[in-house]
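Report on the structure given below.
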Amino acid sequence: MDINSLFRDAWRITWQRWILWLLSLLMFLTMIPALALAAAFGGVAGLMSAPDLNLPGLHTLYQWPLWRWIVIAAGMWAALVATTSLTWILQVATVRGAALAADQAVLTLPTALAIGRQRLWSLLKLSLTFGVLMMGLALLPSLAAILMSVTSRGQANALGLLQLTQTGLTPVSSALGLALFLLMMAIAVEDLTPLKALRRTWGILRFGWWGFLLVFGLSFLPSVAVIALLLPLVISLPLAFVIANGWLIPLLCGAAAAPILLFILLFTAVFTTTMYTLVYRAAARLSQPSPSATPIPV
């Protein structure tokens, strides 16, 4: 595997194929509902778990029956699975678009989105297995903390339970996320079913683990620029409460930084996705070829 050649190809594809930027932007937009739902549910759990917190209307939440919270959590669970499924479809389309671009194929938005019936069916299976499990793990700490908070004697321990479960489930969620990522790469590049993709990942990891690890490390480099851009905003926030019309200063700082931050995020997403795709293809050529893999349609 010639990592220098892969890096040059990824750099060229990133700057020449604007469709990948559009797909990444659409993927970010589809992530907003899921992030908002999870953040809202987690925020409610945090407020209800905090002892001696007296906010208007908060006492009403403690009076809700347990079944209502369970129904709300189940509805959010289903909504999270649905929204993340759409995000996964766009992610597979982006990976497939990067593979098409590497083959010098004509890349248009309809071509990239035409992932095929087999890939859609495979993603549906992943949503009903990995998606259900991962979204359940994401909501479980908050739900447990809320259910403990509404009991008469559990409120004092709810915050500790929330923190403990979140910490304990993080390694499990990370492992599931890694497995899901490799399965999606196999589905996007080789059009494999989830079960065959699961068998395929061992050969891919055996030959390309160091390439994936290198790209993973590179994805953190832009965070330095992100921190530098956010620093003026963070510093100027206290001015909104100190001087007259001080809110204009952080507003202007945020407005100036927003387009640059969006560019950095999109560039990082496109470049790393392309690099992951090229590393996967190179590792796939080095490993035993999958007899079930089908060529990527152009």
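Just so it is clear, none of the values below were taken in a lab; they were calculated from the coordinates. Please read all numbers here as calculations on a predicted model, not as lab measurements. Neighbour counts are summed over all protein chains in view; Cβ atoms, including those assigned to glycine, are modelled from backbone coordinates with ideal geometry.
Overall, the anisotropy analysis places region 3-286 in the oblate class: the square-rooted eigenvalues a ≥ b ≥ c of its C-alpha gyration tensor yield a/c not less than 1.5, with a/b not exceeding b/c. Using only Cα atoms, locate the centre of region 108-135 and the centre of region 1-50, then give the distance between them in Å, rounded to an integer. Spelled out, the Cα-based centre of one part sits 16 Å from the other.
I want the local charge near Leu23. Using Cβ-Cβ distances under 15 Å, sum +1 for each Lys or Arg and -1 for each Asp or Glu among the other residues. Let's see the in-between values first.
On the way: positive: Arg17, Arg96, Arg119; negative: none.
Net local charge, Leu23 excluded: +3.
The ranking of Met135, Met185 by Cβ neighbour count inside 10 Å, starting from the fewest, reads Met135, Met185. The local environment of Leu123, defined by Cβ-Cβ distances under 15 Å, has a net charge of +3 under the rule Lys, Arg +1 and Asp, Glu -1. Relative protection proxy for 108-114, 137-143, from highest mean packing down: 137-143, 108-114 (other beta-carbon atoms within 10 angstrom).
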